[in-house]
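So the structure is just underneath, and the comments pick up after that.
The values are calculated or read from the model by the stated rules, or taken from the named source; none is laboratory data. Everything quoted here is computed from the prediction, not taken from an experiment. Here the Cβ is made from the backbone with ideal geometry for all residues, glycine too, and neighbour counts use every protein chain on show. Keep in mind that these areas ignore ligands, DNA and RNA; they rest on the heavy atoms of the full protein, side chains included. Shrake-Rupley method; radii C 1.70, N 1.55, O 1.52, S 1.80 Å.
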Amino acid sequence: MLAQADPDLDDGPRTQKSATTRMCAVSREVRPIDELIRFVVAPTGEVIPDLKRKLPGRGLWVSASRRSVAEAVRRHQFSKGFKRDVRVAPTLPTDTDTLLVRSVTEALAMAAKAGQVVSGFGKVEDALNRNETAALIHASDGAADGIRKLDAIVGQRGEKRGESPVIPVVNVLTSEELDLALGRSNVIHAALLAGPASKTFLSRCQMLVRYRMADDDKTAEAARNSRA
């Protein structure tokens with residue numbers, strides 16, 4: 001009974017499926033779980049992120065921001081929360097970012113296997129002009145000229161409808177990361193087509209953007225910009 005009343009830890013993924021909010025171990029704020037990252041203790045005693053919220057064992061939740069994770073490490077919050085000695089890598093904030101990027105690239109690869117991604121400037125341009133695009137993807141290190149031209153097409157679609165552009169523009173992955181996800185070389189632009197796999201990709205992008213942007217108190221805005 002005492003374990004169930006512990007405000008810092010959940011009782012494991014099988015018993016908390018219906019939970020929609022949790023308390024951040026750092027800020028002590030109760031937030032939607034989509035704005036938090038769950039951490040568990042691996043069998044080795046090391047604290048690891050549980051991005052899919054499926055790993056066994058009790059979990060401790062931290063706001064999905066690099067600063068919050070770094071603060072949890074600095075304050076020894078994981079040992080306090082789990083009430084035991086645990087191993088916490090000093091690189092945990094960066095390691096978490098790396099895992100979030102991997103999660104995004106894996107989702108993009110699945111979308112590509114499902115036939116929901118086209119790449120290359122010409123193919124992306126055609127998809128935009130045919131109104132087939134659920135999201136526009138640019139490499140974060142792509143040339144400004146190509147990005148500007150494709151973004152202009154998105155903007156023109158919004159102007160024709162008399163509203164703001166409705167196509168999300170995603171630029172959280174480098175060209176190398178896009179290459180890895182799509183199994184091609186020199187990918188700078190891609191178009192995401194509608195489908196279940198596309199929704200998963202956008203959801204994971206949203207978490208990565210939140211993790212990187214939340215420290216500027218722009219969590220909600222950044223999350224929206226990853227989708228619209």
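Here are some notes:
- Simple Cβ-charge dipole of the stretch 1-106, Lys/Arg +1 and Asp/Glu -1, about Cα centre, in debye nearest 20: 100
- Charge dipole (debye, nearest 20) of the chain; +1 at Cβ of Lys and Arg, -1 at Cβ of Asp and Glu: 600
- Its Cα centre serving as origin, the stretch 79-174 has a Cβ charge dipole (Lys and Arg +1, Asp and Glu -1) of approximately 380 debye.
- DSSP beta bridges in the chain [antiparallel fraction, %, rounded to 5]: 85
- For residue 130 and residue 30, the difference between the fully extended length at 0.36 nm per residue and the C-alpha to C-alpha distance is 31.7 nm.
- Accessible surface, the stretch 79-177, averaged per residue in Å² (probe 1.4 Å): 53
- Of 52/80; 123/149; 80/199, pairs whose Cα-Cα distance is over 25 Å: 80/199
- For the chain: relative contact order, % (alpha-carbon pairs under 8 angstrom, 6 or more apart): 20
- For the pair residue 44 and residue 21, a Förster radius of 25 Å applied to the C-beta separation gives a FRET efficiency near 0.25, rounded to the nearest 0.05.
- Protein accessible area in the chain, 1.4 Å probe - carbon and sulfur %: 51
- Cβ-Cβ FRET estimate between residue 141 and residue 89, R0 fixed at 22 Å, reported to 0.05: 0.20
- Selection from 155, 81, 93, by position along the positive dipole direction of the stretch 28-175 (Cβ): 81
- Taking every DSSP helix (H) stretch of at least 4 residues in the chain, weighting each as -39,500 (n - 2.57) and dividing the sum by the residue count yields a mean residue ellipticity at 222 nm of -13500 deg cm²/dmol.
- The label-point distance for residue 184 and residue 79, in a model that sets each label 7 Å from Cα toward Cβ, rounds to 5.0 nm.
- The angle between the Cα long axis of helix 92-113 and the longest principal axis of the Cα atoms of the chain comes to about 40 degrees, rounded to the nearest 10.
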